[in-house]
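Step one of this worksheet: look at the structure below.
What follows draws every value from the coordinates through simple rules; no lab data is involved. Predicted, not measured: the structure shown is a model, and the values here were computed from it. Using ideal geometry, Cβ is built from the backbone for each residue, glycine included, and neighbour counts are taken over all protein chains shown.
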Amino acid sequence: MWYFSSPDWANKIALESSRQSLTYQQLADAVTAHQTWLQAQSIQTLAIAMDNCVEWVLFDLACQQAGLCCVPVPSFFSPAQTSHLLTQSGVELLLTEDSSEQTNETPFQQVFMQRFQVDTPPVMPQGTHKITFTSGTTGNPKGVCLSTQSQQNVAQSLAEAVAIPQVRHLCLLPLTTLLENVAGVYAPLLVGGTVILASQSDRGFSGSRLTQPQNMLTLISQQQPHSVILVPELLSLFIGACIQGWQPPSSLQFIAVGGGKVAPGLLNKARALGLPVYQGYGLSECASVVALNTPQEELLSSAGKVLPHNQLRIEDDELIVSGNLFLGYLNQPDSFYPQEVHTGDLVRLDQHFLTIEGRRKNVLINSFGRNISPEWVEAELMATGCFREVLVFGDALPCCGALLTPLHEAISEQQIAHCLQTTNQGLPDYAQIVHWITLSQPFISINGLVTATGKPIRDKILTHFQQEITALYASSYDSAYPSSIGDIR
């Protein structure tokens, strides 16, 4: 068992939650019991649709031990996205904490199961032990197939780079997030650490949105962790809370931040407040982290030093990664067993430190680390028949917004709000339009905002309306945390 490499750890706490804790010996025994049960179910693919909890980790590790494929189900996916995930990956058994007419009890506390008949077996690369689904830049999320070894390679590199022996790590992100799964569970278990697991409510989340920031701050103060992983929006929360007088626990030694664009000013402000923040970079196709700043090796303006499990090269300013890669995309055999990954990120490499300078693809990455294609959401809005023009924005922001030109003057603000509400019902929460600006004239009538063929020039349009957009988001921030997301619904 890779996570139980020292007999000295037998009585040390490996997993801890408000409901239970397991020593390393109890963890090993529990994983074996879960493995035995899974093998008795005669399945090859298991989906986990549960909140952060001890059972989530046990089933994940049991799948590795049994050689089964594990498919985490993000709680923030829309019903259509979840259905797509289950169908595409050929899930035979779904585990959930919710009992219903469709589910049956299991021998494990507060874990219920639902069986599925697989009519069309999925096509996946040999050796696939986890399928992590992207947040879905378009409506249907893409399944990234990973081997157990590729995930463990990343975890080993992280454990050596961070170098906190027997670390006490608090999982703030959902375990369905590959970054938290690999860096927040596997890496601590490699060094005899303790993984602290808390419910969505205790972490202050609802879906992918942070709605109760005080819950998260209270949890951190109570648990006294050595390390946490943040997305940029949560770093903003930390900074805003510190400005308002919150004192982070002195135990905190390492705050990793990744999953999206981090403004240099945000990192500088965090350091000025004494927060031990270190930026990293990664992607699912590389089994998570590719580069990371650490106390031992750091370039503050960069996304970190390249970790040893990867090799990088730059072609036409685009980062291309090889060495420790995914096995391919689910049901896309042409993608199987790649030798390298074209990331789409425009970068600069300076003495093994990676600096991200832009993206080749038109993808928004919000401050919670969710990737969104603006054209997808724009198409959904245009389908309502209410608008002549739509432009969706939200890069490095907590939620999406839109510039809207009504189809005609007779369309009222109430009708626009109804169109947005209807559209949002069919979108996952991270892609829903929370803010909007109604324009009185179309882009085409404003000089320099469209091409000769009438195509909107995104950068110029966003620059033109930057003052209005900034004011739109500033007005929604919680007054208690002026530098962080507030209760945005």
Helical segments meeting 30 Å axial Cα length and Kyte-Doolittle 1.6 threshold in the chain (DSSP H)
none
Along the Cα→Cβ direction, 7 angstrom out, place labels at residue 352 and residue 464. What is the inter-label distance in nm?
4.8 nm
Using just the Cα positions, wrap the stretch 373-474 in a convex hull and report its mean projected area in square nanometres, one decimal place.
6.4 nm²
Roughly speaking, what is the stretch gain from residue 313 to residue 2, that is 0.36 nm per residue apart minus the C-alpha to C-alpha distance, in nm to one decimal?
108.8 nm
Could you give the alpha-carbon Rg of the stretch 242-297 over 2.2 N^0.38 Å, rounded to two decimals?
1.26
What list of ³J(HN,Hα) couplings, whole Hz, do you get for the stretch 286-296 from phi and the Karplus terms 6.51, -1.76, 1.60, once you set θ to phi - 60° and write x for glycine and proline?
10, 6, 4, 5, 10, 9, 7, 7, 9, x, 7
Return the equivalent ellipsoid semi-axes of the chain as a descending list in whole Å, where each equals the square root of 5 times an eigenvalue of the C-alpha gyration tensor.
36, 27, 23
I need two numbers for the stretch 1-140: Rg to one decimal and Dmax as a whole number, Cα atoms only, in Å.
15.7, 48
Computed over the Cα atoms of the stretch 179-297, what is the convex hull's projected area averaged over all directions, in nm²?
7.6 nm²
Residue 12: which aspartates and glutamates have alpha carbons under 15 Å from its alpha carbon, excluding same-chain residues fewer than 8 sequence positions away?
29
What is the antiparallel percent of DSSP beta bridges lying wholly in the stretch 373-474, to the nearest 5?
60 percent
Putting +1 on Lys and Arg Cβ atoms and -1 on Asp and Glu Cβ atoms, find which of 191, 141, 162 reaches farthest to the positive end of the dipole of the stretch 70-219.
162
Where a Cα-Cα gap under 19 Å defines reach, which aspartates and glutamates qualify for residue 455, not counting those fewer than 8 residues away within the same chain?
375, 378, 380, 389
When we measure straight from the Cα of residue 130, which lysines land under 16 angstrom away, once same-chain ones fewer than 8 places off are left out?
142
Long-range HN-HN contacts of residue 407 with modeled amide H, under 5 Å:
387, 388
Unit charges at the beta carbon, dipole of the chain: most positive-side option, 81, 336, 24:
24
Once the piece of chain linking residue 440 and residue 457 is laid out straight, how much longer is it, given 0.36 nm per residue of separation minus the C-alpha distance between them?
4.3 nm
Give me the compactness ratio for the stretch 290-397, meaning the Cα radius of gyration over 2.2 N^0.38 Å.
1.34
What Cys residues in the chain have no fellow cysteine's beta-carbon under 4.7 angstrom?
53, 69, 145, 171, 242, 286, 399, 400
Please state the charge dipole magnitude for the chain, taken about the Cα centre, from unit charges on C-beta atoms (+1 on K and R, -1 on D and E), reported in debye and rounded to the nearest 20.
540 debye
Mean Cα-pair separation over length for the chain, i.e. relative contact order, pairs under 8 Å, 6 or more apart, %
13 percent
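Tally the DSSP beta bridges in the chain and give the antiparallel ones as a percent, rounded to 5. Show your work: numbers first, answer last.
Numbers: 47 of 74 bridges.
Here the share of antiparallel DSSP bridges comes out near 65 percent.
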For the stretch 395-412, in order, what is each residue's ³J(HN,Hα) by Karplus, 6.51 cos²θ - 1.76 cosθ + 1.60 with θ = phi - 60°, in whole Hz (x at glycine and Pro)?
5, 6, 10, x, 7, 7, x, 8, 9, 10, 10, x, 4, 8, 5, 6, 6, 8
